[in-house]
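The values are calculated or read from the model by the stated rules, or taken from the named source; none is laboratory data. As the structure is a prediction and not an experimental result, all values here were calculated from the model. Here the Cβ positions follow ideal geometry from the backbone for every residue, glycine too, while neighbour counts run over all protein chains shown.
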Amino acid sequence: MAYHMHNLLNSKKAQFFVLSAFAIITTLFFLSQWIEPSNIIDTSSVAFQEEFFVFNNIKEKAEEVVKTSGDCNNLKFNLEEFKQFAEDYAFMKNMNLKLNYTMSCIGNSIQNVDFNITLISSSASIQSIFRVS
């Protein structure tokens with residue numbers, strides 16, 4: 001009889017331990033689910049805005065046109081071609097692109113090009129003024 005009571009007491013202790021562990025784990029899980037969303041900053045909206053990607057790509061390619069043109073005659077032609085292409089592309093994407101530049105040449109040698117690029121859409125307005133030497 002004493003052995004049976006001892007087994008019953010140990011069995012109840014084991015059940016209490018398992019039930020307590022389950023309750024603690026469940027409480028911690030729900031508490032972490034409740035707290036977690038306030039710690040995460042949602043940056044997905046920026047990733048879905050195509051304007052920033054398009055703008056940075058146009059800026060990078062404008063610099064590349066200057067660096068690969070060689071002389072002022074080629075540069076003038078290449079920049080006009082690039083400007084037309086970039087403005088047409090932006091128009092197809094429902095964006096308004098203004099790509100203005102000023103060339104500085106000595107003879108036929110390129111000194112620098114000053115750019116003023118503005119991209120406007122329904123959700124963003126981005127502008128950059130920069131010089132490529």
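Residues in segment 77-102 that are surrounded by 15 or more Cβ atoms within 10 Å (Cβ to Cβ) and either more than 17 Å from LYS59 (Cβ to Cβ) or free of Cβ contacts under 8 Å to residues at least 40 places away in the same chain (or both): ASN78, LEU79, PHE82, LYS83, ALA86, GLU87, ALA90, LEU97, TYR101. Just one residue in the set ILE41, ILE35, ILE106, ILE58 is of a type in the set (A, V, I, L, M) and at pLDDT 90 or above; that residue is ILE58.
Could you list, in sequence order, all residues of segment 114-124 that are of a type in the set (Gly, Ala, Ser) and either closer than 14 Å to ASN100 by Cα or surrounded by 12 or more Cβ atoms within 10 Å (Cβ to Cβ) (or both)?
Residues satisfying the conditions are SER121, ALA124.
Pairing residues of segment 53-69 that are free of Cβ contacts under 8 Å to residues at least 24 places away in the same chain and not assigned by TED's automatic domain parsing to the domain that holds GLN127 with residues that are surrounded by fewer than 19 Cβ atoms within 10 Å (Cβ to Cβ) and among the aliphatic types (A, V, I, L, M), at Cβ distances under 9 Å and at least 6 apart in sequence or on separate chains, gives no pairs at all.
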